[in-house]
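This report concerns only the one structure given below.
Quick note: the coordinates plus some simple rules give every number you see, no bench work behind them. Just so we're clear, the structure is a prediction, and the values are computed from it rather than from any experiment. So basically every Cβ, Gly included, is an ideal-geometry build from the backbone, and we count neighbours across all protein chains shown.
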Amino acid sequence: MTAAPVGTAIRAAVREFLRGERGRGSFSASVDSWVLGHSPSFSRALGERGWLGMTWPKRHGGRESSAYERFVVIEELLAAGAPVAAHWIADRQTGPLLLRYGTEEQRQRFLPSIARGELFISAGMSEPDSGSDLASVRTRADPVDGGWKVTGRKVWSSHAHRSHYMLALVRTSPRQEDRHVGLSQVFIDLQAPGVDVRPIEVMAGEAHFAEVTLDSVHVPASMVVGEVGNGWRQVTSELAYERSGPERYLSTFVLFAELVRLESLDDRAVTEIGSVAARLWGLRALSVRVQELIEQGRAPDVEAALVKDLGSRLEGEIVEVARRATVDRTQGVNPHLRRLLEVAQLSAPSFTLRGGTVEILRGIIARRLGK
Amino acid sequence: MEDQDSLRSAFSAVITKQIDDARQEATESGWSQGLWRCFEEEGFTVVAVPETAGGSGGTLVDLATMLKVAGYHAAPAPLAEPNVAAWALAGAGCDVIPGPLAVVPDAANHPVKLSEVAGEWRAAGSLSAVPWAGCSDSIVVLAGDAVTPKEHPASGPLLGVVARAECELTPGVNLAGEPCEDVRLPPDGVEMMTVPNGSQAHPAAVQALSVLTSALLMTGSLRRVLDLSVLYARQREQFGRPIDRFQAVQQHLAHLAGGVEQAEAIVDTAVVEFGAELRGEMSVLAAKTCAAEVAQVAISVGHQIHGAIGMTAEHELHHHTRRLMAWRDVYGSEIRSGRELGRLITQMGPDALWELLTGPSSLLVSDGQV
Ligand SMILES: Cc1cc2nc3c(=O)[nH]c(=O)nc-3n(C[C@H](O)[C@H](O)[C@H](O)COP(=O)(O)OP(=O)(O)OC[C@H]3O[C@@H](n4cnc5c(N)ncnc54)[C@H](O)[C@@H]3O)c2cc1C
């Protein structure tokens, strides 16, 4: 692979940076750190090093790095359990979406601040009655002078209560025979009048997502992304970015690494560790292959869905393996590992839900096979 | 049977009436003192203890029924431990002690030292992760010959009672947020009395009963997760139809339903065998192993069916799934119970294995069903 030498240098730089940050105590490793680790200062530190918006054009605040280099940076951050949640959505999906569909004005307005780690964006797709069936969204945008008036309710929007904007999927014309027609994507300024953001506490005790109620919120025409009515196609490509990354199998890697460090593991645990490691290795290789396809300008939807399906189940299995290896031990299991395991157990049920449930993903995969 | 039905509905009504207040109270302090007081006033904390010893004069089958109900409602107050502690005390010939009781069935699983001074045994050291220790008044500790010195073992099992106020506790909670603390015993130790051999206050028996209570609580909770999931799948619509019309969802529900029925069957068998002193220990190990394995299915299927809403603190589901996470770990996980059962079975050989599966309990279950 020609990209490898490039990757090596940047990998070393990220590791060096992480050593420094850990040394300064700027973060402690967490499982699911791309959801649970919200740290604006850490995001800014990454921005300063040019590790956000890496693949974007320089004139938009990017570095024009390869997809593979970005992959290396994010897999190092995830494997270290670094707090990357604040910028995650903006860097992963909103930025690329703007490059593809946004106006030049929108790119100028959003991309450089995202790349500096200063502007955070949440994803507003799901609604109380629209989860897997995303095309059924009911949040409505009616044309008014100079823009749109948006009314509706979005839920599960990760970190909406800590973000500046939400990119919402809304209905801009009444539902027709084909439900995919008449949808659009608009930026909602989360400080705007009529916007109410209510954090939702999850069973682990945190509130990492929120409900966003929109009551006749005025959205200027300039805040519509892409074409009015083209929302379905756009959101589908946004979901491809959302599903293809290494966060879909690395959410519990810090726990796995801590487990491997443990002394006097029994035979059963060692066997299970070997099995997980083998599959993790295979999955990473597959994930790199997906990056290469993206780099070549292809859209590896099926492969991305496969990585997410396999990955989200494997990261859950890691939790079970770690539990089985430690549950009956009264000694030799440090509190850090116990804490990681606890948080992982409480987060694990969401792995196979968020970003599209495994049932939906498998449907996508099966329908495309052999085509 | 009928008795158990009326006990089940009566106890269920007691909990249902208070559950909202109890959950509210538990959100703040980890448990509901109100619910506990009600349990104690009604004699629900000393179910399987003879009236002559200050108990309610019920049976282990009664206790089993009540634990399933408590599990079904995820009742946020101690029920299993006080009952086990009282059962052990009664077995040792002691009167029931008031107040929430915690229990350590076998000191061998904890960093505890036993020593004899002038004919009197004392236990010193620490107890790790004792369920409900923080809200108990006293802790009942049992020890067998595994912890007394080999050179001169105690003449029988040992039992001691220590006031919580005399111990030093390290705050802690289990995965359900319920009190579960490390306990440092008083520096001069806890007086341990010798229990007559053959009494039920034997660490092995108290350990087995504790394991069984965790399986019973899980069984109730598993049933609730199944009920919640079936109901939700019927009500939740996506793509213009209830999600229970999708085969992927049906497969999940069927998978869980099979597990729940199977776990109930073996747990009921274990209750009968344990009560009748048949092969109590082995059936309890089987019960724990099955229930805890199905717990994993319930956690994953329950949440998968419910989608994002099931992850929220407001939804009822996590009261069950988090308790399943805690109960499958307590008094030894399914890994330990499975290994112990496997060891016993491989020692016994194939003929005895078949005897075990087809033995007398298979007749008892139908009329002793709980
Ligand atoms: C931690 C977390 C973070 C999230 N962050 C965001 C966010 O930032 N922005 C956002 O918009 N959303 C977010 N979500 C929401 C997420 O996208 C949805 O949970 C997901 O799309 C599923 O929708 P639902 O929860 O409504 O479940 P439902 O769609 O109601 O599904 C319930 C069950 O039915 C199954 N099912 C539904 N339809 C079918 C079918 N046709 N065939 C087979 N099975 C089916 C599902 O697979 C699932 O098992 C987040 C969710 C979680 C858990």
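Close amide-amide hydrogen proximity is noted between B:GLN238 and B:ILE243, each under 5 Å apart and 5 or more residues distant or on a separate chain (H modeled in the peptide plane; Pro and chain starts excluded).
If you average the alpha carbon positions of segment B:142-156 and of segment B:193-271, how far apart do those two centres end up, in angstrom? Each part reduced to its Cα centre gives a spacing of 37 Å.
Can you pull the mean other chain C-beta count within 10 Å for peptide B:228-238?
Values: counts 0, 0, 0, 0, 0, 0, 0, 0, 3, 3, 8.
Per residue, the average neighbour count from other chains is 1.
Say R0 is 30 Å: what FRET efficiency, to the nearest 0.05, do A:ARG298 and A:ARG338 get from their beta-carbon distance?
Numbers: r = 44 Å, r/R0 = 1.46.
With a Förster radius of 30 Å, E is 0.10.
Calculate, in nm to one decimal, what B:ASN197 and B:ALA165 gain on full extension: separation in residues at 0.36 nm each, minus their alpha carbon distance. Walk me through the numbers before you get to the answer.
Values: separation 32, 0.36 × 32 = 11.52 nm, distance 3.05 nm.
This chain segment gains 8.5 nm when fully extended.
B:ARG37 to A:GLU320: FRET efficiency via 1/(1 + (r/R0)^6), r the Cβ-Cβ distance, R0 45 Å, to the nearest 0.05? Plugging the Cβ-Cβ distance into 1/(1 + (r/R0)^6) gives 0.75.
Just check segment A:98-216 against the gyration tensor rule for me: Cα atoms, a ≥ b ≥ c as the square roots of the eigenvalues, rounded for a/c under 1.5, and otherwise prolate or oblate depending on whether a/b exceeds b/c. Verdict is oblate for segment A:98-216. Legend: calculated FRET efficiency, B:ASP137 to A:ASP266, from the Cβ-Cβ distance at R0 = 35 Å, rounded to 0.05, equals 0.35.
A cut-off of 5 Å between modelled amide H atoms, ignoring neighbours fewer than 5 places along the same chain, links B:ASP182 with B:ALA129, B:VAL130, B:THR170. Normalised Debye scattering of the protein assembly as shown at q = 0.09, 0.11 Å⁻¹ gives log10 I(q)/I(0) of -0.87, -1.17, counting only Cα atoms as equal scatterers and leaving out solvent. Other protein chain C-beta atoms within 10 Å of residue C-beta, averaged over A:202-208: 5. Residues B:CYS135, B:CYS180, arranged from fewest to most other Cβ atoms within 10 angstrom of their Cβ, appear as B:CYS135, B:CYS180. Label positions at B:GLU314 and A:LYS58, each projected 7 Å from the Cα along the C-beta direction, are separated by 5.0 nm. Computed from point charges on the beta carbon alone (+1 for Lys and Arg, -1 for Asp and Glu), the dipole magnitude for segment A:286-371 about its Cα centre is near 120 Debye. Spacing of the modelled spin labels on B:GLN347 and A:GLU201, each 7 Å from Cα toward Cβ, amounts to 4.8 nm. The separation of segment B:161-177 from segment A:7-85, counted between C-alpha centres, amounts to 42 Å. Counting only lysines at least 8 places from B:LYS288 when in the same chain, those with an alpha carbon closer than 17 Å to its own are B:LYS68.
Convex hull volume of the Cα atoms in segment A:245-369, per residue, in Å³?
On the way: hull volume 13.1 nm³, N = 125.
It comes to 104 Å³ per residue, whole-number rounded.
Couplings 3J(HN,Hα) for segment A:273-279, derived from phi with the Karplus relation 6.51 cos²θ - 1.76 cosθ + 1.60 (θ = phi - 60°), are 4, x, 5, 5, 4, 4, 6 Hz, where x marks Gly and Pro. Modelled spin-label separation between A:ARG362 and B:ALA124, with each label point placed 7 Å from Cα along the Cα-to-Cβ direction: 5.9 nm. Distance between the C-alpha centres of segment B:1-74 and segment A:323-356: 31 Å, rounded to the whole angstrom. Computed about the Cα centre, the dipole magnitude for the protein assembly as shown is approximately 3620 debye when only Lys and Arg (+1) and Asp and Glu (-1) carry charge, each at its Cβ. With the highest mean first, a sort of the peptides A:60-69, A:268-277, B:59-68 on other beta-carbon atoms found within 10 angstrom per residue produces B:59-68, A:60-69, A:268-277.
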